[in-house]
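Chemist: The structure under discussion is supplied below as structure tokens; questions concerning it will follow.
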Ligand SMILES: Nc1nc2c(ncn2[C@@H]2O[C@H](COP(=O)(O)OP(=O)(O)OP(=O)(O)O)[C@@H](O)[C@H]2O)c(=O)[nH]1
Ligand SMILES: [Mg+2]
Ligand SMILES: [Zn+2]
């Protein structure tokens with residue numbers, strides 16, 4: 001079997017390569033990236049890739065650097081090192097807005113055919129996040145398949161209720177249910193995966209992306225959350241992107257949970273996600289400023305001057321609300337009266353849109 005074909009090399013790519021003068025180069029696919037360190041797979045094996053000086057000089061944006069899923073031209077060096085010269089045209093790019101940086105995009109993966117949008121159906125269920133993830137797929141012209149995970153620990157009526165909410169919101173999108181524990185729904189996912197096609201797994205941290213990939217590969221190729229399984233600290237288990245080839249089947253790309261799309265599970269998460277707002281907040285007149293109505297609020301001044309994005313600000317408010325709810329529910333405060341009071345407070349007015 002041809003390794004490049006197992007890796008997803010197809011007719012379109014072949015036509016392009018034949019039309020170019022690439023006789024001096026080998027072709028490979030980026031299978032792993034971690035802080036601009038690359039692993040390239042070629043016909044001959046796996047190599048540590050370094051980008052050429054020319055590629056580095058000509059790179060203006062993050063998207064000009066190789067990403068997992070990219071086909072590249074390379075030349076071998078000593079040992080297991082190669083130089084990466086050029087990124088071949090990308091069929092698709094999954095990218096998202098880099099948070100807090102205008103117009104900056106972050107590449108998640110490239111040459112992806114289908115995105116599995118993973119969503120925990122239990123405590124971390126979040127329709128807005130699902131919205132945002134599906135929007136990313138559509139913006140990237142990649143077909144989304146929603147996978148609702150952990151159905152083994154959800155109760156039946158809860159499951160039905162959430163399915164109804166989802167069906168109301170998204171039509172024409174495939175929605176699957178999965179338990180990585182009982183393996184209910186697993187065969188249906190296996191049946192979707194076709195030889196030579198590339199599938200990227202996206203979704204919040206803890207959704208079960210790496211667990212599913214391990215199950216599909218049939219061995220523990222990715223680390224999954226174990227130790228602090230029950231603490232839901234919003235910490236990430238996967239911190240790099242990596243591609244795996246299934247024997248006689250498709251190609252899978254695991255990605256780290258997307259923090260800014262997730263529920264702010266702790267103040268710390270909120271703080272690191274919205275670093276700019278927290279920095280600005282140190283100049284607000286009131287130390288407990290909510291950045292909604294207070295005078296001399298540095299955040300709203302920055303907003304007025306277009307120094308921060310309206311959507312970034314809105315997202316911050318939304319996530320702050322989610323975080324507040326999360327804190328309350330964590331403390332077991334389900335008192336409806338208190339909720340009402342909270343919502344009646346004009347300072348929380350904007351939180352409810
Ligand atoms: N009960 C149950 N637990 C699951 C299921 N899927 C995953 N888990 C558990 O959920 C935790 C998180 O799973 P991971 O696969 O590490 O999640 P991830 O999406 O890769 O998270 P990041 O790498 O942080 O983005 C692990 O402890 C898994 O064992 C499921 O279907 N049912
Ligand atoms: Mg993971
Ligand atoms: Zn403020």
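Chemist: Sorting check: for 175-183, 20-28, which peptide has the highest mean count of neighbouring beta carbons within 10 Å, and how do the rest follow?
Modeler: The packing order, highest mean first, is 175-183, 20-28.
Chemist: Follow-up question, since we're still on this one. Which shape class applies to segment 3-87: rounded if a/c is under 1.5, otherwise prolate when a/b exceeds b/c and oblate if not, where a ≥ b ≥ c are the square roots of the Cα gyration tensor eigenvalues?
Modeler: Since a/c stays below 1.5, the shape of segment 3-87 is classed as rounded.
Chemist: Ok, one more. Could you please state, rounded to a whole Å, how far the C-alpha centre of segment 166-226 is from the C-alpha centre of segment 1-73?
Modeler: 26 Å
Chemist: What does DSSP give for segment 93-261 in terms of the percent of beta bridges that are antiparallel, rounded to the nearest 5?
Modeler: DSSP beta bridges in segment 93-261 are roughly 30 percent antiparallel.
Chemist: Given the C-alpha centroids of segment 243-259 and segment 282-326, what is the distance between them in whole angstrom?
Modeler: After rounding, the separation between the Cα centres reads 37 Å.
Chemist: Follow-up. Can you tell me what the convex hull of the Cα atoms of segment 91-193 projects to on average, as an area in nm²?
Modeler: 7.4 nm²
Chemist: What is the mean projected area of the alpha carbon convex hull for segment 116-157, to one decimal in square nanometres?
Modeler: Quarter of the Cα hull surface area: 3.1 nm².
Chemist: Right, another one. What base-10 log of the normalised intensity I(q)/I(0) is obtained for segment 273-313 from the Debye formula, alpha carbons as equal point scatterers, at q = 0.23, 0.31 Å⁻¹?
Modeler: So the normalised log intensities are -0.68, -1.18.
Chemist: With a ≥ b ≥ c the root eigenvalues of the C-alpha gyration tensor of segment 154-194, is it rounded (a/c under 1.5), prolate (a/b larger than b/c) or oblate?
Modeler: oblate
Chemist: Going by C-beta contacts inside 10 Å, put 224, 73 in order with the fewest on the left.
Modeler: With the fewest neighbours first, 224, 73 line up as 224, 73.
Chemist: Next up: Cα gyration tensor of segment 93-261, axes a ≥ b ≥ c as square roots of the eigenvalues: rounded (a/c below 1.5), prolate (a/b > b/c) or oblate?
Modeler: In terms of gyration-tensor shape, rounded.
Rule-based calculations on the coordinates, nothing more; no lab input. Please read these numbers as outputs of a predicted model, since none were measured by experiment. Ideal geometry is used to build each Cβ from the backbone, glycine not excepted, and the neighbour counts take in all protein chains shown.
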